[in-house]
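These notes concern the structure reproduced below.
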Amino acid sequence: MRSPHLPAFTLALLLFCAGASSAQAIAASAEAAPTDATAQARPGSWDNEWLRGAVFYEVFVRSFADSNGDGIGDLRGLTAKLDYLNDGNPKTTTDLGVDALWLMPVFQSPSYHGYDTVDYERIDDEYGTAKDFQRLLNQAHKRGIRVIVDFVINHTSNQHPWFVESASSPTSPKRDWYVWRADDPGWTQPWGGTNRTWHSLNGAFYYGVFWGGMPDLNYANPAVRREMERVAAFWLSRGVDGFRLDATRHLFANGPGAQQNDQPETFDYLKEFAGSVRKARPRAALVGENWTETPIIARYYQTLPMSFDFPLATEIISGVNSGEASLIAGKLDEILELYPAGAIDAPFLTNHDMKRVATELSNDPAKLRSAAAILLTLPGAPFLYYGEEVGLQNGTGTSDEHKRTPMPWDASENGGFSTARPWFGFAPGIATANVAAQTGDPASLLSHYRRLIHARKSSAALLRGSLTLLTSVVKSDPVLAYLRQSKGERVLVVHNLGAAEVTAGPYEVEAAGFDPIFSSGQVGTPALGETGWTVRLPAGASAVWKIRARNN
C-alpha cells in the first residue's frame, strides 16, 4: 500500500487494478524484446525494436540554443540545431548521427529545471509554444530523429492545481490524489541523510520523497493512475515517441528507509502504465530512472522495456580512470547473468544529475576517447549527454546548474548559444571545448564521436548483436575485449585503457581474418599465434574488426 493509513477499499481497488502475476509480467517482458530484430510484433506486445542499437542524445533545452535573444535556450533554438545532431542523410559524416533525443522537462514549471510540473499538457512558456513543439517534432521526424520527453510521473509541483485543491481541505475531492496523514512518522530520505519526507501543511502532513515543493502523487488512487495514463496518451497522440520516466523507484512507499524504494506495488503499476502506453503506441520508448544496483534494475525489465544502467556508468568511469578493464568486465558479466534475455540496456557515461564525464576523467583526451568508444560499442541504446561530444566540463560550483551549463557552439563571448548573456555561465575550457573549434579537426573528440556512431550504424553486430566477454572478470587487465555477434556478422572489439602500449590477447576466436571497422591510434593487425589471436594496441587505443569466417 501507498502509506499505512490507506483505507481498505482503496487497497482493494489497488490490488484489483494490479492484475497480472509476476510470471505474466516476465512473459510480457520477453515478448517486448525479441532477440531477432526482424521479429513481427504480436498483439499486445511492444513493436520497438528500433530501440536496439539506437543512439540517444539528452538535451536540456534551456542550455542548448537560444533563438530569441533572452539568454534562455528554447525549442526553436533546438530545432535550428537538428542538422548538427542528424541531418537526415546517412551518407554524410558531418553530423553527429544520433537516432533520438531525450528532452529534459519541457512542461510548465516554476523552476529552471522543470522537475516540478504545474501543467502536464502545456509547454513551458520560456521554451515556446505548442506550435513550436510540434514543429520540432515534425522537423526531427523528417530527419529520422525520434523524440522522447521527460515525464515526471512520481510527483508534481506544490503549485500544481491538483495539489492546491488537495491541500485546501481534508474533504477536498482531490485530497486522495496525494498522500496525507495526521502526524509525521519521522521518515527520512531513503538515500541517506536527515531530510524528512513528510511535510507539514494546514494541520496535516503530506508525503514528498524529494522535498516539500514536490509532493508525491498517490498511485493507490485509481483516478491518479488513469489521469497519468491519459496524459501519456495525449502526448503520444501528438507525435511524441516515448518517455523517460523520472524517479520510478519511488511511486509507492510503505514505511521508512528502503520501504520508500522498489515496492511491489511500484512494479505492478509500472506494468499497468507500460501496458497503456503500449496500447496507445506499440513503437513507443519507455526508459526508467532506477538509480540502484544491477539486481534491482534487472527486476524493472519485468515491466519496462529499458532502464538506465547507473552501475555500468560508474564502472566505465572507474575503469577508464584507473586503467583497469576487469572492473567494467565484471559489471558486464553481472548484467549478462541477471538481465532477462532480449533486454535492451540503456548505458551512458554521466547525465544531468552527475558530475560531467570530462571532469570525472580530468579532461584527459585519451580517457575521454576510451569512455566514448566503450559506450558506443556496447549493446543496447546508449545515451549521450549534450556537450559530452566536445568535452564539456562541469561548471566551477557544485550545484546542479553547474552540471547543466550552456552548450558551447563557439568560443565567442556568448558561445554562439545566444545573442545575449546566457542564463548561466559557461563551463571552463570553452576556448577548445566548442563545436566550431572541433568540427573541422579530424583528431578532435567531436570527430571521434562522429566516427564511432557512423561505425556503429555500419555494423549489424554492433547495433543489435549479443556480447561475449573476452576479458577476465577476476584478473587484472588493461584491455577490455569482447565479441559482438548478430545473425551473419561477428566483430571483435578491444580497448586499451592503460597508459602504455600492450599486446592484447591471446583470444580464442574462430576467424580467417579481420577487416577494420573502426580504430583510434596506430593499432596493429590481429595476428594468429599458437594460443590465439593477439594485437598490438597503443595506450588509450580502441579498435573494432569484422571477423571473416573460415571456409568449410
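The values are calculated or read from the model by the stated rules, or taken from the named source; none is laboratory data. Bear in mind the structure is a predicted one, so any value in this text is a computation, not a measurement. Quick reminder, even Gly has a Cβ in these numbers, built from the backbone with ideal geometry, and neighbours come from all protein chains shown. Surface accessibility is based on the protein's heavy atoms, side chains included, excluding ligands, DNA and RNA. Shrake-Rupley method; radii C 1.70, N 1.55, O 1.52, S 1.80 Å.
What's the number of the only condition in (1) under 18 Å from the mean Cα position of the chain (by Cα); (2) open to solvent by less than 40 Å² (accessible area, probe 1.4 Å); (3) under 25 Å from GLU229 (Cα atoms) that THR294 fails to meet?
(3)
Given the options ALA32, ALA37, name the one that is closer than 24 Å to PRO382 by Cβ, among the small types (Gly, Ala, Ser), crowded, with 23+ Cβ neighbours inside 10 Å and modelled with pLDDT under 95.
Result: ALA32 is the single residue among ALA32, ALA37 that is closer than 24 Å to PRO382 by Cβ, among the small types (Gly, Ala, Ser), crowded, with 23+ Cβ neighbours inside 10 Å and modelled with pLDDT under 95.
Quick grid of which residues meet (1) closer than 17 Å to GLU289 by Cα; (2) in contact (Cβ under 8 Å) with a residue 60 or more places away in the chain; (3) not aliphatic (A, V, I, L, M):
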residue	(1), (2), (3)
ASP119	no, no, yes
ILE123	no, no, no
ALA130	no, no, no
ILE153	yes, yes, no
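Which of the residues spanning segment 249-272 are open to solvent by less than 10 Å² (accessible area, probe 1.4 Å) and either in contact with an Asp or Glu (Cβ under 6 Å, 6 or more places away or on another chain) or modelled with pLDDT under 95 (or both)?
Of everything in segment 249-272, just one residue is open to solvent by less than 10 Å² (accessible area, probe 1.4 Å) and either in contact with an Asp or Glu (Cβ under 6 Å, 6 or more places away or on another chain) or modelled with pLDDT under 95 (or both), namely PHE252.
Could you tell me which numbered condition TYR84 fails, if it satisfies all but one of (1) over 19 Å from the mean Cα position of the chain (by Cα); (2) open to solvent by 60 Å² or more (accessible area, probe 1.4 Å)?
Tallying (1) over 19 Å from the mean Cα position of the chain (by Cα); (2) open to solvent by 60 Å² or more (accessible area, probe 1.4 Å), TYR84 fails exactly one: (2).
Can you pull out every residue in segment 414-430 that is without any contact (Cβ under 8 Å) to a residue 24 or more places away in the chain and closer than 20 Å to LYS367 by Cα?
Correct list: ILE430 only.
Which ones in segment 79-111 are touching a residue at least 60 places away in the same chain (Cβ under 8 Å) and among the aliphatic types (A, V, I, L, M)?
LEU82, LEU85, LEU96, VAL98, ALA100, MET104
Among the numbered criteria (1) among the charged types (D, E, K, R); (2) touching a strand residue (DSSP E or B) at 6+ places or on another chain (Cβ under 8 Å); (3) more than 25 Å from HIS113 (Cα to Cα); (4) buried (at least 21 other Cβ atoms within 10 Å of the Cβ), which single criterion is violated by ASP333?
For ASP333, the failing item is (4).
Please verify whether ALA167 is aliphatic (A, V, I, L, M), in contact with a Leu (Cβ under 7 Å, 6 or more places away or on another chain) and either open to solvent by less than 40 Å² (accessible area, probe 1.4 Å) or touching a residue at least 24 places away in the same chain (Cβ under 8 Å) (or both), treating the condition exactly as stated.
So ALA167 fits the description; yes.
Looking only at segment 344-388, count how many residues are in a helix (DSSP H, G or I), open to solvent by less than 10 Å² (accessible area, probe 1.4 Å) and over 18 Å from HIS454 (Cα atoms).
Selection size over segment 344-388: 2.
Among the residues of segment 512-525, which ones are over 23 Å from ASN321 (Cα atoms) and modelled with pLDDT under 95?
Correct list: ALA512, GLY513, GLY524, THR525.
Restricting to segment 214-270, name every residue that is under 25 Å from PHE56 (Cα atoms) and free of Cβ contacts under 8 Å to residues at least 60 places away in the same chain.
Within segment 214-270, GLU229, ALA233, LEU236, SER237, ARG249, LEU270 qualify.
Output the number of the condition that THR188 fails; it satisfies all remaining conditions of (1) under 23 Å from the mean Cα position of the chain (by Cα); (2) in contact (Cβ under 8 Å) with a residue 40 or more places away in the chain.
(1)
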